[in-house]
Amino acid sequence: MVDQFKKTVTDRDMIMIHQHMQRTFALRREEIVNSAPPIAELKDRWPALFCEGQLYSEFHRINNQNLPIPLLCCT
């Protein structure tokens, strides 16, 4: 998946990235909770977490809810 983020935004396979993030949620959650890695390390290992779409998806995976509308709109 890290290789996908070396590509330009238009060349990334977002479906594949989303599927990978779905499959690796438990591993990622365990790593973050138990190790509390620095943000830079987290960004290197899980770059999709820093994309807007995957941030919303990760919120849903954790809370089983979509982000409320006021949180989606930053003005």
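Relative contact order of the chain, please, whole-number percent, based on alpha carbon pairs below 8 angstrom and at least 6 residues apart.
On the way: 30 pairs, mean separation 18.8, N = 75.
This gives 25 percent for the chain.
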Label zone at VAL9, where the point sits 7 Å out along the Cα-to-Cβ direction: segment 45-59 residues whose backbone N lies under 16 Å = 48-56
Calculated SAXS-style log₁₀ I(q)/I(0) at q = 0.21, 0.23, 0.28 Å⁻¹ - segment 2-72, Debye, Cα scatterers = -1.00, -1.15, -1.39
note = Per DSSP, the loop-located trypsin sites (Lys or Arg not before Pro) within segment 1-60 having at most 12 other beta carbons within 10 Å are LYS7
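To the nearest 20 Debye, how big is the dipole of the chain about its Cα centre, given +1 on the beta carbon of each Lys and Arg and -1 on that of each Asp and Glu? Don't skip to the answer; put the middle values down first.
Details: 9 positive and 9 negative charges, 15 e Å.
Rounded to the nearest 20 debye, it is 80 debye.
Quick note: the coordinates plus some simple rules give every number you see, no bench work behind them. Here the structure is a predicted model, which means the values were calculated and not measured. Please note: Cβ atoms are built from the backbone with ideal geometry, for glycine as well, and neighbour counts cover all protein chains shown.
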